[in-house]
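Colleague: Please see the structure below; I have some questions.
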Amino acid sequence: MSLRTPLSKVKGLGSAKQGVHHWWQQRLTALALVPLSLWFVYSLITMAAADYATVVAWIRLPYVTILLIMFVVALFHHAQLGLQIVIEDYIHSEWQKFSCIILVKFLSAVGALASLLSVLNIFFGFNVS
Amino acid sequence: MATVDGPISPHIQIYKPQLTSLLSIIHRATGIVLSFGALLLGFWLLSVAAGPEFYAQVTEYINTWYGQIALLAFAFSLYYHLGNGIRHLFWDAGIGLEIETTYKSGYAVILSSVILTALSCYLASCAS
C-alpha cells in the first residue's frame, strides 16, 4: 500500500520537489540547439574572413538578432543544466557541490545577459553610428 | 548526509573500457569544453558591441595558432556533442537501445564528427 496522498501522486513530484522539470528542460534546449548551433557554426564559417562592418551588418539583420537571442538563451540554459548533472555526479562533499552549482548558475546567467545585451546593443546601433 | 569513505560505483579502476562508456565520458568532456566556448562566445559578442578597435584585438588572438587550435577543439566538441546528443534523444524516445545498434550509432557519431570538423576547416580556409 502506498502512503502517498492522491494529490502528491497527481503532481508526480519526488523527493527533489521538482519532478521531471530539469530533465525535460535539458531535452527541450537540446532539441532547440540542434538547428540553432548548426546555423551558427555555418554562419561563422561563411564569415571566416569577414571584417568588422560585415559582422555588425550580419548581427543587425532582424532574423539573425532573433536567432542569436534564441541560441544564446538555449545554449547557456543547456550548459548550466548539464554542468549541474556533472557536478552532482562527481563532487560528493555537500558544500563543495553546492558552491560549484551556484557558481555555474551565476556564471551562465552573467554569460547569457552579457551576450543578450551585446546583441541588442548591436541591433539597436547604440555604439555604431 | 553521512558519507562513506569507500570506492564509488562505477569502479573505474576495474571497469573494462567499452565504446559505449568511452563515448559517454567524451560526451561530458565535450559538454564542459563547450560551456567554456559559450562564455567565449559571450565575450566575442561583447567585443563586437565594444567597437572595431577592441574587435580587431580579439580577432588577432583568434588568428594566432593557439586561437585556431581552440576553434578546432570547439568545432570538434560541438559536432561530437551534437551527434551524440541526437543519439541520446533517440534513446529517450526508446529507439536504438539494442547493444548492436548502440555500437553502430556510436561509430556513426565518431565518423560524422571527424568528417564535419574536417569539412568545416576546409570551408573556413576557402572563405578566408
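Read-outs throughout are calculated quantities, based only on the coordinates presented, and are distinct from any laboratory measurement. A quick note: this is a predicted structure, and the numbers were derived from the prediction, not measured. Counting neighbours? That spans all protein chains shown, and the Cβs are built from the backbone with ideal geometry, glycine included.
Colleague: Assuming R0 = 30 Å, can you tell me the calculated FRET efficiency for the pair B:Tyr107 and A:Leu38, based on Cβ-Cβ distance, to the nearest 0.05?
Modeller: Here the calculated transfer efficiency is 0.90.
Colleague: OK, next. Hydropathy at least 0.0 by Kyte-Doolittle, axial extent at least 18 angstrom from the Cα trace: which helices of chain A, defined as entire DSSP H runs, fit?
Modeller: What comes out of the filter, once short or polar helices are dropped, is A:21-46, A:62-90, A:94-124.
Colleague: With every atom except the alpha carbons ignored, what do you get for Rg and Dmax of the range B:74-119, in angstroms?
Modeller: Answer for the range B:74-119, Rg first and Dmax second: 10.9, 32 Å.
Colleague: Taking the Cβ-Cβ separation of A:Trp24 and A:Met47 as r and a Förster radius of 41 Å, what is the calculated FRET efficiency to the nearest 0.05?
Modeller: Calculated transfer efficiency: 0.75.
Colleague: Peptide B:86-93: average number of partner chain Cβ atoms within 10 Å per residue?
Modeller: Mean shielding by partner chains, rounded to a whole number: 2.
Colleague: Among A:Arg4, B:Arg87, A:Arg60, what is the fewest-to-most ranking by other Cβ atoms within 10 Å?
Modeller: A:Arg4, A:Arg60, B:Arg87
Colleague: Let me check I have the definition right: for the protein assembly as shown, take the eigenvalues of the Cα gyration tensor, multiply each by 5, take square roots. What are those semi-axes in whole Å, largest first?
Modeller: Value: 36, 24, 18 Å, ordered largest first.
Colleague: Ranking A:Phe106, B:Phe76 by Cβ neighbours within 10 Å, fewest first, what do you get?
Modeller: Fewest-to-most ranking of A:Phe106, B:Phe76: A:Phe106, B:Phe76.
Colleague: For chain A, what is the convex hull volume of its Cα atoms per residue in Å³?
Modeller: Each residue corresponds to 166 Å³ of Cα convex hull volume.
Colleague: Put +1 on the Cβ of every Lys and Arg and -1 on every Asp and Glu Cβ in the range B:19-127; which of B:Tyr80, B:Trp91, B:Thr117 then has its Cα farthest towards the positive end of the dipole?
Modeller: With unit charges placed on the Cβ atoms, the residue in question is B:Trp91.
Colleague: Tell me the volume per residue, in Å³, of the convex hull enclosing the alpha carbons of chain B.
Modeller: Convex hull volume per residue, Cα atoms: 200 Å³.
Colleague: Run lengths n ≥ 4 of DSSP H only: what is the helix-derived mean residue ellipticity at 222 nm for chain B, with -39500 (n - 2.57) per run over all residues, to the nearest 500?
Modeller: Rounded to the nearest 500, it is -27500 deg cm²/dmol.
Colleague: Turning to a different aspect of this structure: If I take R0 = 25 Å and measure r between the Cβ atoms of B:Ser21 and B:Ala93 in this structure, what FRET efficiency does the formula 1/(1 + (r/R0)^6) give, to the nearest 0.05?
Modeller: 0.70
Colleague: How far, in degrees from 0 to 90, does helix B:99-127 lean away from the longest principal axis of the Cα atoms of chain B, to the nearest 10?
Modeller: 10
Colleague: With runs of 4+ DSSP H residues as the only contributors, calculate the mean residue ellipticity of chain A at 222 nm using -39,500 (n - 2.57) per run, divided by the residue total and rounded to the nearest 500.
Modeller: Rounded to the nearest 500, it is -27000 deg cm²/dmol.
Colleague: On average, how many beta carbons from a partner chain sit within 10 Å of the beta carbon of a residue in B:46-57?
Modeller: Partner-chain Cβ atoms within 10 Å, mean over residues of B:46-57: 5.
Colleague: Give me a single rounded figure for B:117-124: the average over its residues of other chain Cβ atoms within 10 Å of their Cβ.
Modeller: The mean count of partner-chain Cβ atoms within 10 Å per residue comes to 2.
Colleague: Here's another thing I want to ask about it. Rank A:Gly125, A:His21, A:Ala109 by how far each Cα sits towards the positive end of the charge dipole of the range A:4-129 (+1 on Lys, Arg Cβ; -1 on Asp, Glu Cβ) and give me just the farthest.
Modeller: Checked the options; the winner is A:His21.
Colleague: Follow-up. Counting only pairs 8 or more places apart or on different chains, how many lysine pairs in the protein assembly as shown have C-alpha atoms closer than 24 Å?
Modeller: Value for the protein assembly as shown: 5.
Colleague: Another one. For the range A:44-126, calculate the relative contact order in percent as a whole number, restricting contacts to Cα pairs under 8 Å that are 6 or more residues apart.
Modeller: After rounding, I find 44 percent.
Colleague: Just want the answer: with Cβ charges of +1 for Lys and Arg and -1 for Asp and Glu, which residue in A:Gln84, A:Thr46, A:Phe71 is farthest toward the dipole's positive end in chain A?
Modeller: Value computed over the given set: A:Gln84.
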